1. Excluding ligands, DNA and RNA, what is the solvent-accessible area per residue of region 542-586 at a probe of 1.4 Å, expressed in Å²?
2. Determine, from the Cβ-Cβ distance of HIS78 and ALA116 and an R0 of 25 Å, the FRET efficiency 1/(1 + (r/R0)^6), rounded to the nearest 0.05.
3. Past 28 Å, Cα to Cα, is the threshold; run LYS423/LYS460; LYS229/LYS423; LYS363/LYS510 against it and keep the listed order.
4. So if I place +1 on the C-beta of Lys and Arg and -1 on the C-beta of Asp and Glu, and nothing else carries charge, what would the dipole magnitude of the chain be about its Cα centre? I want it in debye, nearest 20.
5. Read phi for every residue in region 541-555 and hand back ³J(HN,Hα) as whole Hz from Karplus 6.51 cos²θ - 1.76 cosθ + 1.60, θ = phi - 60°, with x for Gly and Pro.
6. Can you give me the solvent accessible area of THR621 with a 1.4 Å probe, rounded to the nearest 10 Å²?
7. Ordered by packing density, taken as the mean number of other Cβ atoms within 10 Å over each peptide's residues, highest first, how do 446-459, 495-508, 216-229 rank?
8. Using a 10 Å cut-off on Cβ atoms, rank the peptides 627-640, 334-347, 251-264 from the highest mean neighbour count down.
Amino acid sequence: MRPTRRLLALTAALLCAGLTAAAALPGGAVAADRARPDRVPLPGTAPVWTAAEAVDQGVVPGASRVVARVYLAGRARHTLAAEAMAVSDPRSGRYRHFLTPAQIRARFDPSPAQVAAVTAWLTGAGFRVTGSNAHYLVVQGDASAATRAFGAHLHAYRKNGHVYTAPDGLTSVPAAVADDVLSVTGLDSSPHQAHHGRRDVLPGPAAAFVNAPPTSDYYGQQPASTLPKAYGQVMPYVVKGYTGTQLRSAYGAAATGLTGAGARIAVVDAYDSPTLEGDLTRYASAHGDAPYAAGQLTRVDAPVWTHTENPSVTAPDGCGASGWYGEQTLDLEAAHAMAPAATLTYVGAASCGDTDLIDALNKINDGHLADIVSNSWGEPELASDPAMDPVYDKIFTTGALEGIGYYFSSGDGGDEKAATGSKQTDMPASNPWVTAVGGTSLGIGADGQYLFETGWGTDKAPLASSGTAWTSLPGAFLAGAGGGTSSRVAQPSYQAPVVPGTLADFSGAKHRVVPDIAAVADSSTGFLVGQTQSFPNGTTAYSEYRVGGTSLAAPVIAGIQALAQQAAGGPLGFADPAIYDRYGTQALHDVTDHPYGSSVQLAEVRVDYTNNVDATSGTVTTLRTLGEDSSLQATQGYDDVTGVGSPSAGYITSYKPNGGAR
């Protein structure tokens, strides 16, 4: 095909914009001046860590290898968000009138002319395209090409004993392709890795963890009557781990008779457990969950590009691959326990790096592999790469327009100050197009009845050596549901009528507050999971243990949303507008830290094996508080621990057409 006149003119302009010299740099590179009017800066592409955490080692040699991704904006980029909100808002006449993947490709995928223009600019600057799809181009070149293409003065920075390269400020693109380029990543070579809560060879099962007795079958069953009182009360031993039967009863799912039939849930994590199917089958059989029907569980590997882009992140030992097996197993067992007839698709990213996880998410959108996507991973906002924000935005808005709802755990470090030194939220949970799932401590009674919930926040106090007192009550902060106010995401419209201004205010503007909704997360009131583990004697065996975190809350909410979808008669898509529409109604529990009044402090006693597997090295006894989440508080109304609250018995049926318990 002959190039069009417009394309020839545009290509010439791009080459001029990309190559015109403003300043000569070491190595013979010529930098495109970022201040020129024919250049457009890319927001979020200036690394923050280079100024705060690193020592500048100077400009890198011009011949230094550079591999980057250039993400494509596609057509009609400025209308995508409005279209997505129109199908997500219950008050819109287009609510739940979703588009098919084919319709989305026809309207929003990059045009051949856009791809050609971006390619011409990059190759003219000295890059070569080594991989491509509808979302991005992978390019390889050197630092000289980067300075010509992006106006990026690449420096070497020493951080935590390692040397990484990164631009010394915002990168830019020629104005002629500014509407075609979404973001550029890879110029910053420091690892950006998600934490939970493929290569050809993966490590075996993770080291074993076994819960020590005594434990309770339900909340309060076993009082620790031989141990000191706390807060004037005899405290109970922790639960051994709730089952799906108990959670379905407590959250009102069992009473609906719904099973999630017709709903499709995807779980995204990194890697893929080699013992997964056997573990899931055995667990379901042991705890009365429905057996998996033929074809009900599918495993999909996302494409692998980053083995050549950033091998240090892709390597299994760079992400703790075996640790992700437990996350994967938990997510699938919890989702199946809540929605036993929903189909499950596991999409395994090649690593915990942003680019691999993005590939996994795009794979779901491209093939519409699910209606509901549970994600129990993320990282503190200030550690995440702002250049990825528009990329994630496009994925989640595209999913919303397609009728896919993305659910992300809000994090397990409370306000993150204890772990990072700064109060902050997590990403991608702070993205305005996902449902951020916070955490609670859940009390379930002997008959499966809902007793109470508090916000999840745990202080840990050890038993004194004398055995007669708890040391330094309430103890040190251990873990809690992530939440707070995003420093870089503006307040979405659905939060404005509900979220208190005191929470949303950030530097004089209204910002996104996390989470949106919550469910059980406290490991002291956690979920029993079954998984093959590696024991100290060299054997591997299936065993069960209690687990928590918002990594549990996210798949529990995903399962509940599958039931709500069945009640509604079809996919719900991006759920936040509908969830906030239920704020203050009987569909939600208004969770507070002190459900029995401010004078009653709830806590539980927990015994742990010192060596994690048996009593040969002794045990440690601690008191774990409920409802003490760093600086975050679960209060009446919306709060930054539990959002609008947790699903009540009327939540699922509130999605039935023409009524329901609202």
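1. So region 542-586 comes to 20 Å² accessible per residue, rounded to a whole number.
2. 0.70
3. Going by Cα-Cα distance, LYS229/LYS423; LYS363/LYS510 fall outside the 28 Å limit.
4. Working: 41 positive and 58 negative charges, 326 e Å.
Once rounded to the nearest 20, the dipole reads 1560 debye.
5. Karplus values, whole Hz, x for Gly and Pro: 7, 5, 8, 10, 8, 7, 9, x, x, 5, 4, 7, 4, 4, x.
6. 30
7. 446-459, 216-229, 495-508
8. Top to bottom by mean Cβ count within 10 Å: 334-347, 627-640, 251-264.
The values are calculated or read from the model by the stated rules, or taken from the named source; none is laboratory data. Model, not experiment: these values are computed from the prediction. Methodologically, a virtual Cβ is constructed for each residue, glycine included, from the backbone with ideal geometry; neighbour enumeration extends over all protein chains shown. For accessibility, only protein heavy atoms count, side chains too; no ligands or nucleic acids. Shrake-Rupley method; radii C 1.70, N 1.55, O 1.52, S 1.80 Å.
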